[in-house]
1. Scan region 26-42 residue by residue and report those that are without any contact (Cβ under 8 Å) to a residue 40 or more places away in the chain, open to solvent by less than 70 Å² (accessible area, probe 1.4 Å) and assigned to a loop (DSSP other than H, G, I, E, B).
2. From (1) touching a helix residue (DSSP H, G or I) at 6+ places or on another chain (Cβ under 9 Å); (2) modelled with pLDDT under 95, pick out the condition that doesn't hold for P31.
3. (1) hydroxyl-bearing (S, T, Y); (2) touching a His at 6+ places or on another chain (Cβ under 6 Å); (3) without any contact (Cβ under 8 Å) to a residue 24 or more places away in the chain: which one isn't true of T47, the others all being true?
4. Take P25 and decide whether it is closer than 30 Å to D69 by Cβ and in contact with a helix residue (DSSP H, G or I) (Cβ under 6 Å, 6 or more places away or on another chain).
5. Filter region 43-98 down to residues that are part of a strand (DSSP E or B) and touching an Asp or Glu at 6+ places or on another chain (Cβ under 8 Å) and give me whichever is modelled with the highest pLDDT.
6. Taking region 70-94, which residues are under 18 Å from the mean Cα position of the chain (by Cα) and free of Cβ contacts under 8 Å to residues at least 40 places away in the same chain?
7. So H16 ticks every box in (1) of a type outside the set (V, I, T); (2) surrounded by 10 or more Cβ atoms within 10 Å (Cβ to Cβ); (3) not in a loop (DSSP other than H, G, I, E, B) but one. Which box is left unticked?
8. Counting only residues that are open to solvent by less than 60 Å² (accessible area, probe 1.4 Å) and of a type in the set (S, T, N, Q), which one in region 43-98 is nearest to G10 (Cα to Cα)?
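The values are calculated or read from the model by the stated rules, or taken from the named source; none is laboratory data. Fair warning: this is a prediction, and the values are worked out from it, not measured in the lab. Here Cβ is always computed from backbone atoms with ideal geometry, including for glycine, and neighbour counts include all displayed protein chains. The protein model used for the area step is the full one, side chains on, heavy atoms only, and it has no ligands, DNA or RNA in it. Shrake-Rupley method; radii C 1.70, N 1.55, O 1.52, S 1.80 Å.
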Amino acid sequence: MGGAIRSAKGLMGHFHTGECNRRVPGQGRMPWREIGEALREIGYDGTVCMEPFVRMGGRVGSDIKIWHDLSEGADVETLDRDAAKSVAFERYMFEEGK
C-alpha cells in the first residue's frame with residue numbers, strides 16, 4: 001500500500017478509504033499506519049473520503065451487491081457514532097501517525 005501511495009506522489013486529487021470488509025476504517029485489517037506514513041511522506045494534504053458499505057438496499061447497495069447487513073441491525077445513531085469514531089481514527093493515523 002505504501003509503495004503505491006508513494007508512486008502516486010503529485011498525482012492524487014483525493015483519497016478514498018475503506019476496509020477490505022466494507023466497514024468503516026478501523027474495523028478491519030487494512031495497514032493504516034503504513035498508509036498514514038506514506039501519505040505524510042508524499043505531503044498529501046487533499047481530501048480523504050470514507051466509503052463504508054454496511055447496509056443492503058438502495059441504489060448503492062444494489063449496485064455493489066451487498067447481500068447481508070454488515071451493520072448488524074445498527075440504527076442511524078449507531079452508524080453515526082461508528083463514522084465519528086472512524087474519522088477520529090483516520091485523523092490519528094494520517095495526521096499524527098503514532
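1. G28, M30, P31, I42
2. Checking P31 against (1) touching a helix residue (DSSP H, G or I) at 6+ places or on another chain (Cβ under 9 Å); (2) modelled with pLDDT under 95, the one that fails is (2).
3. Of the numbered conditions (1) hydroxyl-bearing (S, T, Y); (2) touching a His at 6+ places or on another chain (Cβ under 6 Å); (3) without any contact (Cβ under 8 Å) to a residue 24 or more places away in the chain, the odd one out for T47 is (3).
4. When the stated conditions are applied, P25 passes them.
5. Across region 43-98, the extreme among qualifying residues is V48.
6. S71, T78, L79, D80, R81, A84, V87, A88, R91, Y92, listed by residue number.
7. (2)
8. S86
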